[in-house]
Amino acid sequence: MNTQTLAPATVNARSVLLPYLLVLVAAVVLIQMVIALTGGEVGILAGTLTAVVAVAVGAWMWRNYRTLAKIRFGIAIAHAIAFLAVTTSFNVHAVIRAISVDSPAAELLATPWFGATLVMSAAWGIGLFVHLTGAVLGRGWED
């Protein structure tokens, strides 16, 4: 009989968060390509794809919660990666679109791009700020 106990597996932030980051970047690039190929409009298809990505992020974070909790600031970093990937992809696309039209202000403020850029960034940014504040107060541990 073996009385030796198994050592707990170590958690490597890179092995957990890097694949997540790469898949998320691929997903947002796909969303932006779909938007570009459908005339540059943020419509039902783009919203649906973004919602699918949001649900997938939530499911991934739920499924990997215990692993992320073993990484200092792991859950907050995963949240920040999602925020940056999604909002940056929409903002970069909006900037490129604004540069290419005659009336950038009308393009950004009077179309669904307003919600996809300013509103989404502001609302999600507030949530991320609250999350990061809590993570800092908990010294990086959220279990």
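The values are calculated or read from the model by the stated rules, or taken from the named source; none is laboratory data. All values reported here derive from a predicted model rather than from experimental measurement. Glycine also receives a Cβ, built like all others from the backbone with ideal geometry; neighbour counts cover every protein chain displayed. To get the accessible areas, we keep the full protein, side chains included, count just its heavy atoms, and leave off ligands, DNA and RNA. Shrake-Rupley method; radii C 1.70, N 1.55, O 1.52, S 1.80 Å.
Of everything in the stretch 96-138 that's touching a residue at least 40 places away in the same chain (Cβ under 8 Å) and open to solvent by 60 Å² or more (accessible area, probe 1.4 Å), which residue is farthest from residue 85 (Cα to Cα)? Only one residue fits best here, namely 112. Close contacts from the stretch 51-66, counting a first residue that is of a type outside the set (A, V, I, L, M, F, W, C) and a second that is open to solvent by 50 Å² or more (accessible area, probe 1.4 Å) and outside any helix (DSSP H, G or I), with Cβ to Cβ under 9 Å and a gap of 6+ residues or different chains, come to 65/143; 66/143. Picking from 46, 27, 36, which residue would you name as being surrounded by 12 or more Cβ atoms within 10 Å (Cβ to Cβ), among the small types (Gly, Ala, Ser) and under 17 Å from residue 120 (Cα atoms)? Going through 46, 27, 36 in turn, the sole match is 46.
Any chance you could count how many residues in the stretch 27-49 are under 16 Å from the mean Cα position of the chain (by Cα) and touching a residue at least 60 places away in the same chain (Cβ under 8 Å)?
Counting residues in the stretch 27-49 that are under 16 Å from the mean Cα position of the chain (by Cα) and touching a residue at least 60 places away in the same chain (Cβ under 8 Å) gives 4.
Just the residues that are assigned to a helix (DSSP H, G or I) and open to solvent by 20 Å² or more (accessible area, probe 1.4 Å), please, taken from the stretch 58-74. Correct list: 58, 59, 60, 61, 62, 63, 65, 66, 67. Just one of (1) open to solvent by less than 70 Å² (accessible area, probe 1.4 Å); (2) modelled with pLDDT under 90 fails for residue 90. It is (2). Are any residues in the stretch 108-143 polar (S, T, N, Q) and in a helix (DSSP H, G or I), and if so, which ones? Result: 117, 121, 133.
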